[in-house]
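Presented below is the structure to which this report refers.
The values are calculated or read from the model by the stated rules, or taken from the named source; none is laboratory data. Because the structure is predicted, anything quoted here is derived from the model rather than measured. FYI the Cβ positions are ideal-geometry reconstructions off the backbone, even for glycines, and counts take in every protein chain you see. When the accessible area is computed, the model is the full protein with side chains, heavy atoms only, and any ligands, DNA or RNA have been set aside. Shrake-Rupley method; radii C 1.70, N 1.55, O 1.52, S 1.80 Å.
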Amino acid sequence: MDAVTRPGESPGAAQNWTPKLVFSMASMLLLLEVLTVSYIMISMSIPAISAHFQTTQGAWLLTAMLLVGAVTGPLVGKLADMYGKRKLLLLCVVVATVGSLLSAVASSYAVLVAGRALSGVLIPCVFLTYSLIRDIFPPKTIALAVSIVTSGLGLVAIPAPFLTGWFLDNHGWRSIFWFFVIAMVVFGAMIFVSTEESAVRLRSKIDLLGAVLLGAGIAGVLVALSFGPTWGWTNGSTLAYLFGGTALLVGWLASAGMVAAPLVDLAVLRRRPVWLTAISSGMAYGCSALFTILLPMMAMTPAVMGLGYGFGVSAKGFAVFQAPIGGMVVVGGVVVGILVGRNVRPRLLMIVGLLMFSAAFVCTALSHTNKPLLLVFAGLAGTGMGLAYAAVPNLLIEAVPPQLQASTASIVSVAQSVIASVLPVIAFAVLNNSYIAAFPPEMTQGHTFYTDKGFQIAFLIGAVASGIGALLAVLLPRRIAQLEVPATQIADDDQEVAVVFAH
């Protein structure tokens, strides 16, 4: 990246790391760590919460957050491009904090889920952070900063089970939500004092019809994918959500082609670097979801079951398998940041990351009875994750101008959420149809166990998916020409910049 002066930036501005930049990056990284740890902590808290409220709908604690994050992402991205990425980032933190506070004091399960849904606006903060970094950090620091922020998410997964266990054992499940409230207040304040606002602006209008159609369509599809395995794929509710959501998405595509200022510019999405990045990154996130579901299921199965796999570790004992994944995700991200800063193309790193992921799936499918080897394979998967995660924002920075960064990244984020929901569904559809181990009910106590062959097939599904992702990354142009958009800059009293786009 060339060392250029941005709009609103003085010619003498620092072009390298400063203590304030490091503090700003650390603030955003810590905020995203809260998002990552929330999945783990809530998953472990579901039994206690379900028992307290006497409900069997514990899955909504995870689904509600995912739905709101995916549904609001495109609108948040467009607003960020129009009014400022820092403003929207802090607004999302405030809303998510209110949501966690509501969950912490909830007197009913419905209120708890509502609070958890509000916390879903923390999900768009992932693309808001690297979009903001792209605008305000010196060019020489951008690649490393966005790579660390997006790949550092795996590090907190190592101590998360122990922290969650301590909270639940000593302070009850409400303490989990109080922890989120305190953490977001602190990290949000750190961002407020350390991070400047972007001067880049997009002059546009809000496409309310597009926002409703796209948001409702995404919600319908994700509800069908999330609850299809429970409701049944031929159940009327599943089909209604699936086909209804699909119809709304088709309606959004039609409306986006007719309005002057669509929520997401279809001309941008049709560009090969953008849609290939969206799908290949979706494969990376889908494979990550699949691997992190399959590995603990396999490792926590008692060896005495005689299935040919399993070590019988507890949820806390699984941390030994989580450590190489989380640690190597960070290593992979740092490698991307360093190499991209030295002009290595993120396309190559995306390919390598997905191929490493594919190799980890194949190795785990073929050999999963030796714990040290399995730890090596977990580390290989973590490295692939880190390389792919960190390559995505760098690919988007290459392909999309700053004024469209957040709105374009929001659609890539939606692709990641959808594929991450679809791939495990496919794998478990295969497992449940053909590879359930035949044990008497009194022996399984309601749990489902799968044959060794079933796990081999499931891991090979992941290998194929990551291989497809690598192939899509290969099809990315070797040199990505950034979209050129005619623009007129208008500075206001705050030295901000408005950019007018011609469609």
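Just the number, please: carbon plus sulfur as a percent of the accessible area of the chain, 1.4 Å probe, no ligands or DNA/RNA counted.
About 68 percent, which is the carbon plus sulfur part of the accessible surface.
Using a simple spin-label model with points 7 Å from Cα along the Cα→Cβ vector, what separation in nm is obtained for F318 and V259?
Output for this residue pair reads 4.1 nm.
Counting every Cα pair in segment 327-426, what percent are over 17 Å apart?
Roughly 60 percent, rounded to a whole number.
How large is the charge dipole for the chain, taken about the Cα centre, if only the Cβ atoms of Lys, Arg (+1) and Asp, Glu (-1) carry charge, to the nearest 20 debye?
600 debye
At 1.4 Å probe radius, can you tell me the per residue accessible area of segment 290-398 in Å²?
Using a 1.4 Å probe on heavy atoms only, each residue of segment 290-398 averages 34 Å².
Can you list the residues, at least 5 places off or on another chain, whose amide H is less than 5 Å from the amide H of Y450, using H built in the peptide plane?
A437
Only helices at least 24 Å long along their axis, Cα-based, and averaging 1.6 or more on Kyte-Doolittle count here, so list those DSSP H runs from the chain.
Length and hydropathy pass: 174-194, 208-231, 319-341, 346-366.
Between A289, A299, L276, whose Cα lies farthest towards the positive end of the dipole of segment 202-324 when Lys and Arg beta carbons carry +1 and Asp and Glu beta carbons carry -1, centred on the Cα centre?
The Cα lying farthest towards the positive end belongs to L276.
With r defined as the distance between the Cβ atoms of I206 and T448 and R0 fixed at 56 Å, what FRET efficiency is calculated, to the nearest 0.05?
According to the calculation, E is roughly 0.75.
Hey, how many Å between the Cα centroid of segment 320-370 and the Cα centroid of segment 159-223?
26 Å
Tell me which label goes with the value of volume of the Cα convex hull per residue in Å³ computed from the coordinates here: (i) 144; (ii) 130; (iii) 193.
(i)
Farthest toward the dipole's positive end in the chain, which of V340, L213, Q322, given Cβ charges of +1 (Lys, Arg) and -1 (Asp, Glu) about the Cα centre?
Comparing the listed Cα positions along the dipole, V340 ranks first.
Could you please report the charge total around V340, scoring K, R as +1 and D, E as -1 over all other residues with beta-carbon less than 12 angstrom from its beta-carbon?
The answer is +3.
What order, most packed first, do the peptides 416-427, 220-231 have when packing is the mean number of other Cβ atoms within 10 Å of each residue?
Highest to lowest by the protection proxy: 416-427, 220-231.
Find the accessible area per residue for segment 21-70; the probe is 1.4 Å, ligands and nucleic acids are left out, and the unit is Å².
It amounts to 36 Å² per residue over segment 21-70.
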